[in-house]
Amino acid sequence: MFRPKALGGALTALATVAAGVCLAATVSTGPAVAAGTGTGYLHTSGNQIVDSTGATVRLTGINWFGMETDNKTFHGLWSSNPWRGQLDTMARLGYNTLRVPYSNDALKPGATATGINDFVNPDLIGLSPLQILDKVIDYAGSKGMRIILDRHRPTSAGQSPLWYTSTVSEATWINDWKMLAQRYAGNPTVIGADLHNEPHAEGTNPAATGACWGCGDTTRDWRLAAERAGNAILGVQPNWLIFVEGVSCPSGGLSNVWDNDPSNDEDCGWWGGNLSKAGEFPVRLNVANRLVYSPHEYATSVYRQTWFDAPDYPANMPAIWDKYFGYLYKQNIAPIMMGEFGSTLVDPKDKVWLERLMAYTGTGVTGMSFTYWSWNPNSGDTGGIALDDWTTINTAKQAILQPYLIAPSGGGTSGPPTGGPTDPPTGACTATYRQVNAWQGGFQGELTVKNTGSGAVNPWSVTWSWPSGVTLGSGWNATVTQSGTTVTAVAPGHAPSLPAGGSVTAGFTANGTASAPGTVKLNGTSC
């Protein structure tokens, strides 16, 4: 998760909660060199991530947190939306990678997962946190998604400035990483390790006690610790990528803003976001082409940094991003995978910030990779892509991210809208239905319609019939309405086209006896 960051020379600690979850639909993708997330294990080439064939891959993912908290497993498992349904939605929206935060508490023998709706998720009853993680990894992999594991906290109590604490040693940190590397060895769904979340400054200089970069103190130099852990992991699993975050202040301490001496006021950034010294002091790994730098970047809903109030905002932002991490990408030193970024979008400045940040990452498959914070709606200072029901999507956020998302293979519709309004020839569609959940007096389902015609359907519209007495509760991935026994799902404005060979899934809840849709039509053509 994101944490307080620094303002000017001073860093103010803020406590942040986890983020939110949402479900949604159709996906537009940029041009890809590799389908989805590619083939086999990934490695690096200059500032790009490539697959086992050498094809370029862009990770466009999302964070699903909870395993780092007292629940020790994914949040939202308490909702009425099954865990597989949530992953289905992430994939359909275009998120091809899942970053999974965890704490070392969740890895301990005897650790218990809590906060699970047994009726909705009966297959998770009695499973340990790691066993639930196994199931999520297997299912995500079946959809073409990739997994990045993120050591988010030493314990569920909270984050730490250093990678170790008085109760969780460096040896425990490294040994747990080696255990995970061994557990998932041979499974290319799991592509790597985000070594420690948001190393940051603590203490006032010159008595700094927090994480520094390049200072040479083995007890505080995050760059050296990342090398020790990264090389230990690669000794067990040489195919993994090693994701290394930045610090907040390279000195590891906060400036004394009361000494009236601006010459020693250090330029600090977000927790985990400052990689300004990585060019001078690079992380050195024993296996070549495995290093990915992973900064964090946030908006005013997390902390109002000085640059948000600069007279030239937002024109000033690219230079700030260049300084903290972008130069590594622009100088072809290493790939960037922005591990966390997010906002509530309540402040108009935040919408501009998110639009400019996404543009900064670049379009298409060669742009910087990222995992948005977060899927969860219960992230206190950002909210999520999912709204509070863990089913409905925050369309304002999704619309900004959508043009940059590259769907996993099999994850959903791909390809931008093409052509004008087109109707497929008769019989040029197929329909499949899946009942997701049922309860007394209602049910939840998903209707997937595939365009098997030769041309795009733009805009698309799907209709179906229900027996008398079945009424619509809510719908997503489309504008869903009901008139009599006929239900209509109209394409959302941000994704109006259904290309040839593409599929769209309309999700819904309904009142009455669980019933499969009948007489399904795509733009008037029976499927």
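The values are calculated or read from the model by the stated rules, or taken from the named source; none is laboratory data. On a predicted model such as this, the values are computed, not experimentally measured, just so you know. Heads up, the Cβs are rebuilt from the backbone with ideal geometry, glycines too, and the neighbour counts pull from every protein chain shown. The accessibility values were calculated without ligands, DNA or RNA, using every heavy atom of the protein model including side chains. Shrake-Rupley method; radii C 1.70, N 1.55, O 1.52, S 1.80 Å.
Quick check on my filter: what residues within the stretch 217-233 are open to solvent by 10 Å² or more (accessible area, probe 1.4 Å) and within 29 Å of the chain's Cα centre (by Cα)?
Result: 220, 223, 224, 227, 228, 231, 232.
How many residues are part of a loop (DSSP other than H, G, I, E, B) and either under 17 Å from residue 479 (Cβ atoms) or of a type in the set (Asp, Glu) (or both) when one looks only at the stretch 373-408? Before you say what the answer is, go through the steps one by one.
First pass over the stretch 373-408, keeping only residues part of a loop (DSSP other than H, G, I, E, B): 373-383, 385, 387-392, 394, 405-408.
Filter once more, keeping what is either under 17 Å from residue 479 (Cβ atoms) or of a type in the set (Asp, Glu) (or both): 381, 387-389, 391-392, 394.
The qualifying residues number 7.
Output the residues belonging to the stretch 351-386 that are at positive phi, surrounded by fewer than 24 Cβ atoms within 10 Å (Cβ to Cβ) and at pLDDT 95 or above.
Residue satisfying the conditions is 362 alone.
Specify which of the listed residues (481, 513, 519, 471) is under 16 Å from residue 432 (Cα atoms) and open to solvent by 20 Å² or more (accessible area, probe 1.4 Å).
519
Taking the conditions exactly as written (surrounded by fewer than 20 Cβ atoms within 10 Å (Cβ to Cβ), among the basic types (Lys, Arg) and out of contact with any Cys (no Cβ under 9 Å at 6 or more places or on another chain)), does residue 84 satisfy them or not?
For residue 84, the condition - surrounded by fewer than 20 Cβ atoms within 10 Å (Cβ to Cβ), among the basic types (Lys, Arg) and out of contact with any Cys (no Cβ under 9 Å at 6 or more places or on another chain) - is met.
Within the stretch 110-124, can one find any residue that is of a type in the set (D, E, K, R) and surrounded by fewer than 17 Cβ atoms within 10 Å (Cβ to Cβ)? Let's see the steps before the verdict.
Filtering the stretch 110-124 down to residues of a type in the set (D, E, K, R) leaves 118, 123.
This time we only want the ones that are surrounded by fewer than 17 Cβ atoms within 10 Å (Cβ to Cβ), so: 118, 123.
Yes, the stretch 110-124 contains at least one residue that is of a type in the set (D, E, K, R) and surrounded by fewer than 17 Cβ atoms within 10 Å (Cβ to Cβ).
Go through (1) closer than 30 Å to residue 140 by Cα; (2) open to solvent by 10 Å² or more (accessible area, probe 1.4 Å); (3) without any contact (Cβ under 8 Å) to a residue 60 or more places away in the chain; (4) assigned to a helix (DSSP H, G or I) and name the single condition residue 172 misses.
(3)
So which residues in the stretch 119-144 are touching a Lys or Arg at 6+ places or on another chain (Cβ under 8 Å) and part of a loop (DSSP other than H, G, I, E, B), if there are any at all?
127
Going through 116, 49 one at a time, which residue ends up being among the β-branched types (Val, Ile, Thr) and part of a strand (DSSP E or B)?
49
When only residues in the stretch 146-158 that are modelled with pLDDT of 95 or more and within 23 Å of residue 213 (Cα to Cα) count, which is surrounded by the fewest Cβ atoms within 10 Å (Cβ to Cβ)?
If we take residues in the stretch 146-158 being modelled with pLDDT of 95 or more and within 23 Å of residue 213 (Cα to Cα), then 151 is surrounded by the fewest Cβ atoms within 10 Å (Cβ to Cβ).
How many residues does the stretch 324-350 contain that are under 21 Å from the mean Cα position of the chain (by Cα), open to solvent by less than 10 Å² (accessible area, probe 1.4 Å) and among the hydrophobic types (A, V, I, L, M, F, W, C)?
Residues meeting the conditions: 6.
From the list 252, 214, which one is buried (at least 22 other Cβ atoms within 10 Å of the Cβ), part of a loop (DSSP other than H, G, I, E, B) and not aliphatic (A, V, I, L, M)?
252
Filter the stretch 87-105 down to the residues that are under 20 Å from residue 403 (Cβ atoms) and either open to solvent by 10 Å² or more (accessible area, probe 1.4 Å) or of a type in the set (Phe, Trp, Tyr) (or both) and list them by number.
Listed by number, the residues that qualify are 92, 95.
Somewhere in the stretch 435-451, is a residue over 24 Å from residue 79 (Cα atoms), loosely packed, with under 15 Cβ neighbours inside 10 Å and in contact (Cβ under 8 Å) with a residue 12 or more places away in the chain?
Taking every residue of the stretch 435-451 in turn, none turns out to be over 24 Å from residue 79 (Cα atoms), loosely packed, with under 15 Cβ neighbours inside 10 Å and in contact (Cβ under 8 Å) with a residue 12 or more places away in the chain.
Would you be able to tell me the number of residues in the stretch 392-406 that are open to solvent by less than 10 Å² (accessible area, probe 1.4 Å) and in contact with a helix residue (DSSP H, G or I) (Cβ under 9 Å, 6 or more places away or on another chain)? Spell out the reasoning first.
Our first condition is that a residue be open to solvent by less than 10 Å² (accessible area, probe 1.4 Å); within the stretch 392-406, this holds for 397-398, 401-402, 405-406.
Filter once more, so that each one left must be in contact with a helix residue (DSSP H, G or I) (Cβ under 9 Å, 6 or more places away or on another chain): 397-398, 401-402, 405.
Count: 5.
Considering only the stretch 52-71, state which residues are among the β-branched types (Val, Ile, Thr), within 20 Å of the chain's Cα centre (by Cα) and not in a strand (DSSP E or B). First the steps, then the outcome.
Keep residues of the stretch 52-71 that are among the β-branched types (Val, Ile, Thr), which gives 53, 56-57, 60, 62, 69.
Next cut, within 20 Å of the chain's Cα centre (by Cα) only: 56-57, 60, 62, 69.
Within the stretch 52-71, just 69 meets the criteria.
Here's the yes/no breakdown for (1) modelled with pLDDT of 95 or more; (2) within 20 Å of residue 287 (Cβ to Cβ); (3) in contact with a strand residue (DSSP E or B) (Cβ under 8 Å, 6 or more places away or on another chain):
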position: 186; (1), (2), (3): no, yes, no
position: 195; (1), (2), (3): yes, yes, yes
position: 206; (1), (2), (3): no, no, no
position: 211; (1), (2), (3): yes, no, yes
position: 236; (1), (2), (3): yes, yes, no
position: 241; (1), (2), (3): yes, yes, yes
position: 244; (1), (2), (3): yes, yes, yes
